[in-house]
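*Asks:* Mind having a look at this structure? Questions to follow.
Coordinate-derived values only; no laboratory data. On a predicted model such as this, the values are computed, not experimentally measured, just so you know. When we count neighbours, we look across all protein chains shown, and the Cβ atoms used for this are built from the backbone with ideal geometry, even at glycine.
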Protein chains: 2
Amino acid sequence: MLVECVANFSEGRRPEVVAAIVDAARGPGVHVLDVSADSDHHRCVLTLAGEGEAVAAAAWRAVAEAVARINLTQHRGTHPRMGAADVVPFVPLGDTPMAYCVALAEALGERIAAELSVPVYLYGDAARRPSRRDLAHVRRGEFEGLAARMQKPSGVPDFGPAAPHPTAGAVAVGARPALVAFNAWLSTTDEAVADAVARAVRGSSGGLVGVKALAMNTTSHGQMQVSMNLVDFRATPLPAALEMVRREAARFGVAVTETEIVGMVPLAALLASAQYYLQAHHFSVDQVLELGLMDLASLQPAAGAGGPMP
Amino acid sequence: MLVECVANFSEGRRPEVVAAIVDAARGPGVHVLDVSADSDHHRCVLTLAGEGEAVAAAAWRAVAEAVARINLTQHRGTHPRMGAADVVPFVPLGDTPMAYCVALAEALGERIAAELSVPVYLYGDAARRPSRRDLAHVRRGEFEGLAARMQKPSGVPDFGPAAPHPTAGAVAVGARPALVAFNAWLSTTDEAVADAVARAVRGSSGGLVGVKALAMNTTSHGQMQVSMNLVDFRATPLPAALEMVRREAARFGVAVTETEIVGMVPLAALLASAQYYLQAHHFSVDQVLELGLMDLASLQPAAGAGGPMP
């Protein structure tokens, strides 16, 4: 069961602390795909992937390290946060079911509360209250507002004490689909056109449910950009977003000149795009040669293949 | 270095002989992705894949088994053939260079000649004479014409005796790019339209260099089909073929209703299709999440990832 974990910690200024958290995460079966630290945000994000149990163990080690090293009473940054370990979502990869990621989140949350005495909120697909699906809602008031908030019935955590950890606050542990960051450049410098396209496409203003979109003035290209997040690429796939951008831009005689997939993208999002545009309605992922050589779920050569690779 | 080997043997009627050849091929590091036997053709095709050395060793064992069990003097089938082991091409997968597959073909050819006394012709990208790039040319005259042909200078094999093996004939060993079999159904029952589209698209009649195409009357769909082979999907990619089919069909007011990718397809062909249609001109395969988890070239977890998977 392959999963990704995009763990957010409230440390972006002391490189030795970021390194200690990353070192804690490393271990057998865990791939550290990315580490990014931002000094203004005072925050770092680790992208971990591998087998679920190994990734959950790595997330646990990183959270424990962050709780030991970060003191939120001393922390000021531009990014909202409520904990030393702030947000820990598990993301299913390949055929892994979301329920498996929810179970990982629940187990990690229980352990954090039990062994570190840090209160835990379950969010996203792991939420036990509808209001907690939304991370922004869970984190409202941030670290400084946590003590007051936790005394109300609506603020009782899912695991652990009904009071913040004195230096580490609280942590949101959850499960969510993989995000795809997808930008489209338009053959125009007219910000009004890009605004109109972004507004038509994004879900919050009547467009596609799974799309967040903003017009961006990207001077490096000398063109306007529609910057999108696809929050559930299975429900709202890349071609659905791109075709809508193309159509809305065409109203103004504007074309898409290029797109950009930012950072990591699940293979399934790309295979679904190829299948859509090739009209290969009955295509199966089993037909992909290289994938037949390995069992993605276990990272081992496929079963029945005559033994391990030399 | 991942490779595929699509080995063709002149046995499609005795299941126990096909099974013996397949069993001989199996071994550590070899994935038997497909076995197909055809009674009319009196021929079977094994699709093997894995690390080059392991696949070459598997091909060697299968060839030796076929040479021991098949007597071409008793063999009649509809498919042209000149050997018990008839054609053994190595196909590069992933980033494997063609030169590596040529080297595998040369080493296997030498061994077949030395240990089995079967003459070997190198063909495709492994050909040492331009005329031998084309398999049909190498196999002209088939098993029955081999003895006469081999006495001419043009018929001298690349390895082994200048006379056919008495029961196993000769074998063509080579290297070639992966084939993609790709069919497009048209919104018409008019065979003349499908013929015109196929003729416009296929290289031999002035169309795309890397495309073979035929009009097929596919009654199961109640529609005409353009059946294509893309012989070098890097030079002539899937979108190039499909867009040309669409354009030529549109001349007749006909649309593509669906396409079919037949059998196995290299991942690169699909990723290139997604990149083309999404206009993601600067996309890199390094951005694919699942591929970051493993080193496709070795089928081992990526280096520097903290140790082997449990």
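*Asks:* Given the rule -39500 (n - 2.57) for each run of at least 4 DSSP H residues, summed and divided by the residues of chain A, what is its mean residue ellipticity at 222 nm, to the nearest 500 deg cm²/dmol? Please report the intermediate quantities before stating the final value.
*Replies:* Details: 9 runs with 101 residues, N = 310.
So the helix-based figure for chain A works out to -10000 deg cm²/dmol.
*Asks:* Given the stretch A:180-284, report the % of alpha carbon pairs whose separation exceeds 22 Å. Intermediate results must be reported in sequence, preceding the final value.
*Replies:* On the way: 1513 of 5460 pairs.
So the pairs more than 22 Å apart make up 28 percent of the total in the stretch A:180-284.
*Asks:* Here is a further query. Considering the options A:L48, A:A7, A:V67, tell which one lies farthest towards the positive end of the dipole of the stretch A:2-69, charges being +1 on Lys and Arg and -1 on Asp and Glu at the Cβ, about the Cα centre.
*Replies:* The residue sitting most towards the positive pole is A:V67.
*Asks:* Rounded, prolate or oblate: pick one for the stretch B:2-175, where a ≥ b ≥ c are the square roots of the eigenvalues of its C-alpha gyration tensor, a/c under 1.5 means rounded, and failing that, prolate if a/b is larger than b/c, else oblate. Mind showing how you got there, number by number?
*Replies:* Details: a/c = 1.68, a/b = 1.12, b/c = 1.51.
Oblate is the answer for the stretch B:2-175, as a/c is 1.5 or above yet b/c matches or exceeds a/b.
*Asks:* Classify chain B from the C-alpha gyration tensor, please: rounded if a/c falls under 1.5, else prolate or oblate depending on whether a/b exceeds b/c. Provide the component values of the computation, followed by the final result.
*Replies:* On the way: a/c = 1.91, a/b = 1.23, b/c = 1.55.
Oblate.
*Asks:* Return the long-range amide H neighbours of A:G124 (sequence gap of 5 or more, or a different chain), with a cut-off of under 5 Å between placed amide H atoms.
*Replies:* So A:G124 has HN proximity to A:R133, A:D134, A:L135.
*Asks:* Evaluate the relative contact order of chain B (contact order divided by residue number), counting alpha-carbon pairs under 8 angstrom at least 6 apart; express in whole percent. Intermediate values should be presented prior to the final figure.
*Replies:* Values: 653 pairs, mean separation 46.3, N = 310.
Taking the mean separation of contacting Cα pairs over the length of chain B, I get 15 percent.
*Asks:* Expressed as a rounded percentage, what relative contact order does the stretch A:199-248 have, with Cα pairs under 8 Å and six or more residues apart?
*Replies:* Numbers: 69 pairs, mean separation 14.9, N = 50.
It comes to 30 percent, rounded to a whole number.
*Asks:* May I pose another question? Order by neighbour count: B:S227, A:S131, A:S36, fewest other Cβ atoms within 10 Å first, most last. Walk me through the numbers before you get to the answer.
*Replies:* Numbers: B:S227 19, A:S131 10, A:S36 13.
Ordered by Cβ neighbours within 10 Å, fewest first: A:S131, A:S36, B:S227.
*Asks:* Still on this model: In µm²/s, what is D for the protein assembly as shown at 25 °C and 0.890 mPa s, where D = kT/(6 pi eta Rh) by Stokes-Einstein and Rh is the Kirkwood radius from Cα pairs?
*Replies:* Translational D for this selection: 89 µm²/s.
*Asks:* Separate question: Please give the FRET efficiency for A:R140 paired with A:D286, using the beta carbon to beta carbon distance and R0 = 41 Å, rounded to the nearest 0.05. Mind showing how you got there, number by number?
*Replies:* Values: r = 45 Å, r/R0 = 1.11.
Efficiency computed from Cβ-Cβ geometry: 0.35.
*Asks:* Could you line up B:W185, B:W60 from fewest to most neighbouring Cβ atoms inside 10 Å? Walk me through the numbers before you get to the answer.
*Replies:* Numbers: B:W185 23, B:W60 20.
Fewest to most other Cβ atoms nearby, the residues stand as B:W60, B:W185.
*Asks:* Here's another thing I want to ask about it. Over all residues in A:27-39, what is the mean tally of Cβ atoms on other chains that come within 10 Å of each residue's Cβ?
*Replies:* On the way: counts 4, 7, 7, 5, 10, 3, 5, 1, 0, 0, 0, 0, 0.
Averaged over the peptide's residues, the number is 3.
*Asks:* Sticking with this one: Roughly how many whole Å is it from the C-alpha centroid of the stretch B:62-124 to that of the stretch A:250-285?
*Replies:* So the separation of the two Cα centres works out to 40 Å.
*Asks:* Tell me, A:D125, B:D286, B:D95 in order of fewest to most beta-carbon neighbours within 10 Å? Don't jump to the answer; show the numbers that get you there.
*Replies:* Working: A:D125 19, B:D286 8, B:D95 11.
Going from sparsest to densest Cβ surroundings: B:D286, B:D95, A:D125.
*Asks:* Let me ask something else. Suppose every K and R has +1 on its Cβ and every D and E has -1 on its Cβ; what is the size of the dipole of the protein assembly as shown about the Cα centre, in Debye to the nearest 20?
*Replies:* Numbers: 50 positive and 62 negative charges, 133 e Å.
Computed about the Cα centre, the dipole is about 640 debye.
*Asks:* Further question on the same structure: When a/c is below 1.5 the answer is rounded, else prolate if a/b is larger than b/c, else oblate, so apply that to the stretch B:49-98 with a ≥ b ≥ c taken from the square roots of the Cα gyration tensor eigenvalues. Working shown, then result.
*Replies:* Details: a/c = 4.42, a/b = 1.97, b/c = 2.24.
It is oblate, given that a/c is not under 1.5 and a/b is not larger than b/c.
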